[in-house]
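The values are calculated or read from the model by the stated rules, or taken from the named source; none is laboratory data. Computed from a predicted model, the values in this text were never measured in an experiment. We place every Cβ from the backbone using ideal geometry, glycine too, and count neighbours over all the protein chains shown. When the accessible area is computed, the model is the full protein with side chains, heavy atoms only, and any ligands, DNA or RNA have been set aside. Shrake-Rupley method; radii C 1.70, N 1.55, O 1.52, S 1.80 Å.
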Amino acid sequence: MPGRCIQAGRASAFSASAGPQAMPVRFSDDDPGSDHDPGKAQRFRDAALPYLDDAYTLARYLLRDANDAEDAVQECYLRALKHFDSYRGPAIKPWLFAILRNVCRAEFARRASSPAATDDLPDDAEQTPLWRETQETPEAQLLRRRDATTIRRLVIGLDEPFRETFVLREIHNLSYREIADIVEAPVGTVMSRLARARALLRAAWLAEEEPSK
């Protein structure tokens, strides 16, 4: 969840991955993207397939539908193979995510969805984050006791720009610069969206806890 207090194993709590065997992406040296280069498809498989689970997890959060996510990842990998010659490394994961984001946004447009609201939060909404960066808190301890389904539901409930930024940072552990390159926004905007995502999650978390008090 928000903050940097959760490191090893945190992504598993959020993972919506079906796994490569459950959602195969098939390439051959005869694919159009291979451009008659008999080794291109194999090089691409070696470089990109290790991130198939990560791509599917991101697509699930962006599209909120398992079937659409599978289709988006398939399209992403086909596009990535076609343009693999333009990849200059070394970090292929952000490059793949940038392609996947474009695919998902095309799907948003197809659905004719309205733009996500980005209204400002109350002035004090971001002043007290739910998860601290430097020390353990009761909320962080509670987080680990929360079931993964509830955690995913709260994240999925975020509006698109906040959900996207949160998933890229907290689940996939990308740097602010990598996220900025993927979403084509300034680093300051990425940091602001992440802060708002944390504040929104705090509000959602407290709202869930309120009935039990």
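Restricting to region 182-213, what's the tally of residues that are within 14 Å of the chain's Cα centre (by Cα) and more than 16 Å from GLU160 (Cβ to Cβ)?
0
When you scan region 45-70, how many residues do you find that are in contact with a helix residue (DSSP H, G or I) (Cβ under 8 Å, 6 or more places away or on another chain), among the acidic types (Asp, Glu) and not in a helix (DSSP H, G or I)?
0
So is ARG4 modelled with pLDDT under 85, open to solvent by 50 Å² or more (accessible area, probe 1.4 Å) and either of a type in the set (A, V, I, L, M, F, W, C) or outside any helix (DSSP H, G or I) (or both) or not?
Spelling it out, it is not the case that ARG4 is modelled with pLDDT under 85, open to solvent by 50 Å² or more (accessible area, probe 1.4 Å) and either of a type in the set (A, V, I, L, M, F, W, C) or outside any helix (DSSP H, G or I) (or both).
For residues that are touching a helix residue (DSSP H, G or I) at 6+ places or on another chain (Cβ under 8 Å), open to solvent by less than 30 Å² (accessible area, probe 1.4 Å) and either at pLDDT 90 or above or of a type outside the set (Val, Ile, Thr) (or both), tally how many sit in region 17-44.
Result for region 17-44: 8.
Would you check if there is a residue in region 75-96 being modelled with pLDDT under 65 and more than 24 Å from ALA204 (Cα to Cα)?
Looking through region 75-96, none of the residues is modelled with pLDDT under 65 and more than 24 Å from ALA204 (Cα to Cα).
So which of ARG177, ARG145 ends up being modelled with pLDDT of 55 or more, loosely packed, with under 14 Cβ neighbours inside 10 Å and more than 24 Å from LYS93 (Cβ to Cβ)?
Just a single option satisfies the conditions, and that option is ARG145.
Please verify whether GLU208 is in contact (Cβ under 8 Å) with a residue 24 or more places away in the chain and either over 21 Å from LEU100 (Cα atoms) or surrounded by fewer than 21 Cβ atoms within 10 Å (Cβ to Cβ) (or both), treating the condition exactly as stated.
yes
If you go through region 102-110 one residue at a time, do you hit one that is at pLDDT 70 or above, within 23 Å of THR165 (Cβ to Cβ) and crowded, with 20+ Cβ neighbours inside 10 Å?
yes
With GLU184, GLU136 as the choices, which residue is out of contact with any His (no Cβ under 6 Å at 6 or more places or on another chain), open to solvent by 10 Å² or more (accessible area, probe 1.4 Å), at pLDDT below 80 and among the charged types (D, E, K, R)?
After applying the criteria, what remains is GLU136.
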